[in-house]
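The values are calculated or read from the model by the stated rules, or taken from the named source; none is laboratory data. This structure is a prediction, so every number in the text was calculated from the model and none was measured. Note that each Cβ is placed from the backbone with ideal geometry, even for glycine, and that neighbours are counted across all protein chains shown. Side chains are part of the model used for accessible areas, which takes the heavy atoms of the whole protein and leaves out ligands, DNA and RNA. Shrake-Rupley method; radii C 1.70, N 1.55, O 1.52, S 1.80 Å.
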Amino acid sequence: MTITRKLEFDAGHRIPDHRSQCRNLHGHRYVLEITLRGDVVETEGAPDRGMVMDFADVKSLAMEHLVSRWDHAFLVFEGDARVREFLESMPEHKTVVLDRIPTVENLAAVAFDVLAQVYDAHYGVNLRLHQVRLYETPNCWADVVREGAL
Ligand SMILES: Nc1nc2c(c(=O)[nH]1)N=C([C@H](O)[C@H](O)COP(=O)(O)OP(=O)(O)OP(=O)(O)O)CN2
Ligand SMILES: [Zn+2]
């Protein structure tokens, strides 16, 4: 059984060497879809009986470990020296420095790695993060699916 929880956040980024508009500083309302795979809890009297995982718990873990950190932040590639310098010149600016260019593919991969550690360690019946889908715009998205699941 799989379940999916959708969360949204706003963030700025740029793709430094992009051939067109995306090299400019700009932002998106990202849409993150988190899909978990597991068995339905059948324990009598358990608050999550009949669920793979309570959607409220799916949300709170994602908020704590990823979404609150990226929301209203600027996501910058560590090699983007000029923009990093600019961001560092603003006291208290919410900046997330990434080891890769913040394309939607790379952001989805980072999100998958972060969230897999969170959900895979969580109590649940065979609970695993199955897929992360990240929309950069309503028309553009990337999927990361757990290896071996296809
Ligand atoms: N493979 C990728 N291509 C592009 C990425 C990316 O992350 N991966 N990112 C961008 C830009 O950052 C931008 O987010 C996309 O803009 P755009 O192509 O204009 O997307 P729209 O949905 O707004 O396009 P419409 O033409 O309005 O439908 C570029 N490429
Ligand atoms: Zn963009």
* Asked: Residue by residue, what Karplus-based ³J(HN,Hα) values in Hz, rounded to whole numbers, does region 76-90 have, using 6.51, -1.76 and 1.60 with θ = phi - 60° and x for Gly and Pro?
  -> 10, 5, 4, x, 8, 4, 5, 6, 4, 4, 4, 5, 5, 6, 9
* Heavy atoms only, probe 1.4 Å: what % of the accessible area of region 2-145 goes to carbon and sulfur, would you let me know? => 48
* Can you tell which of VAL76, TYR119, VAL40 lies farthest toward the positive end of the dipole of region 2-145, using +1 and -1 charges on the Cβ of basic and acidic side chains (Lys, Arg; Asp, Glu)? -> VAL76
* To do: Compute the length gained on full extension between ARG29 and THR43: take 0.36 nm times their separation in residues and subtract their Cα-Cα distance, giving the result in nm to one decimal.
  => 1.2 nm
* Accessible area (Å², per residue) of region 19-95, counting only protein heavy atoms and a probe of 1.4 Å -> 63
* For GLU105 and PHE55, FRET efficiency with R0 = 30 Å and r from the beta-carbon atoms, rounded to 0.05? -> 0.65
* To do: Could you tell me how many degrees, from 0 to 90 and to the nearest 10, lie between the Cα long axis of helix 104-120 and the main elongation axis, the longest principal axis, of the Cα atoms of the chain?
  => 30
* Looking only at Cα atoms, what is the convex hull volume of the chain per residue, in Å³? -> 119
* Is it possible to state the helix-based mean residue ellipticity at 222 nm for the chain, with each DSSP H run of 4+ residues giving -39500 (n - 2.57), the sum divided by total residues, to the nearest 500 deg cm²/dmol? What is it? -> -6500 deg cm²/dmol
